[in-house]
1. Sort through Glu161, Glu194, Glu152 and tell me the only one that's among the acidic types (Asp, Glu) and modelled with pLDDT of 95 or more.
2. Which residues, counting only those in segment 79-129, are open to solvent by less than 10 Å² (accessible area, probe 1.4 Å) and assigned to a loop (DSSP other than H, G, I, E, B)?
3. Of all residues in segment 25-60, which are touching a helix residue (DSSP H, G or I) at 6+ places or on another chain (Cβ under 6 Å) and assigned to a helix (DSSP H, G or I)?
4. Any residue in segment 71-90 that's farther than 19 Å from Ile7 by Cβ: show its pairings with residues that are open to solvent by less than 60 Å² (accessible area, probe 1.4 Å) and of a type in the set (Ser, Thr, Tyr) at Cβ separation under 9 Å, as long as the two are six or more apart or on different chains.
5. Give the residue, chosen from Gly11, Gly4, Gly16, that is in contact with an Asp or Glu (Cβ under 9 Å, 6 or more places away or on another chain) and closer than 25 Å to Val155 by Cβ.
6. Would you confirm whether or not segment 26-39 contains a residue that is within 14 Å of the ligand (Cβ to nearest atom), under 20 Å from Gly127 (Cβ atoms) and not aliphatic (A, V, I, L, M)?
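The values are calculated or read from the model by the stated rules, or taken from the named source; none is laboratory data. Everything quoted here is computed from the prediction, not taken from an experiment. Here Cβ is always computed from backbone atoms with ideal geometry, including for glycine, and neighbour counts include all displayed protein chains. Ligands, DNA and RNA are stripped out before the accessible areas are found, and what is left, the full protein with its side chains, is counted by its heavy atoms. Shrake-Rupley method; radii C 1.70, N 1.55, O 1.52, S 1.80 Å.
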Amino acid sequence: MLNGWFITVEGGEGAGKTTIVDKVEHFFKDHGFDVMRTREPGGIKIAEKIREVILDVTHTEMDERTEALLYAAARRQHLIEKVLPALKEGKIVICDRFIDSSLAYQGIARGIGLEEVLAINEFAIEGCYPGLTLYFDVDPKVGLARISSDSEREVNRLDKEKLDFHEKVKDGYDKVNHMYPERIQVINANHSIEDVFQQVMHAITMHDQYKRLKEMNEQ
Ligand code: TMP
């Protein structure tokens with residue numbers, strides 16, 4: 001029985017997810033919610049090691065299906081070891097990236113196909129879909145300009161892809177949004193931090209699971 005709330009955050013490079021999720025985490029903590037923040041690929045020892053293998057800039061020979069399988073393997077281990085136990089304890093879990101990243105990046109941008117990437121991911125997650133997904137929709141040109149001006153950000157193998165790849169990622173997310181209109185809330189991330197945060201808070205506070213958890217907290 002899962003009592004918590006599984007929220008995932010998605011978007012292309014430079015969508016500003018981290019800044020906004022910092023603020024959301026503060027909001028939850030300030031209002032007495034038990035929140036756990038994590039990320040994919042990574043979040044636990046085995047998955048962080050898989051992350052190193054996937055994102056190593058020297059691994060240029062990596063086959064796209066190998067890449068998809070590694071993301072799915074990291075996802076499975078992270079879900080079992082970290083996300084599900086936290087949800088069982090009633091926590092709000094905010095995870096930076098989940099299945100939709102694989103659908104958009106590997107399924108569409110790498111060209112493997114949505115159905116095949118969905119199949120290996122369904123094997124990995126066994127029906128544990130997020131309750132809410134916040135998709136930060138940003139123009140790839142704006143996103144890439146943001147990451148190139150951020151000197152502290154780690155540069156990974158996928159950042160080295162050209163604008164054309166990041167445009168395909170955006171097309172991928174547009175397709176995935178149509179597949180899951182109930183679960184995925186689209187946030188216009190081209191605007192200021194304050195504006196984007198307002199949109200995110202609207203999506204969170206209007207959600208039934210937020211209302212349920214808030215009521216439980218107040219009892
Ligand atoms: P990030 O942690 O900086 O977002 O970097 C992770 C990179 O991995 C990012 O470029 C998106 C990519 N990615 C995929 O291609 N597929 C996936 O399933 C996940 C979780 C991430």
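1. Glu194
2. Of everything in segment 79-129, just one residue is open to solvent by less than 10 Å² (accessible area, probe 1.4 Å) and assigned to a loop (DSSP other than H, G, I, E, B), namely Phe98.
3. Selection gives Ile46, Ala47, Ile50, Ile54.
4. Going by the 9 Å Cβ cut-off, the qualifying pairs are Tyr71/Ser101; Tyr71/Ser102; Tyr71/Tyr105; Ala72/Ser102.
5. Working: Gly4 fails: closer than 25 Å to Val155 by Cβ; Gly16 fails: in contact with an Asp or Glu (Cβ under 9 Å, 6 or more places away or on another chain).
Answer to the selection: Gly11.
6. yes
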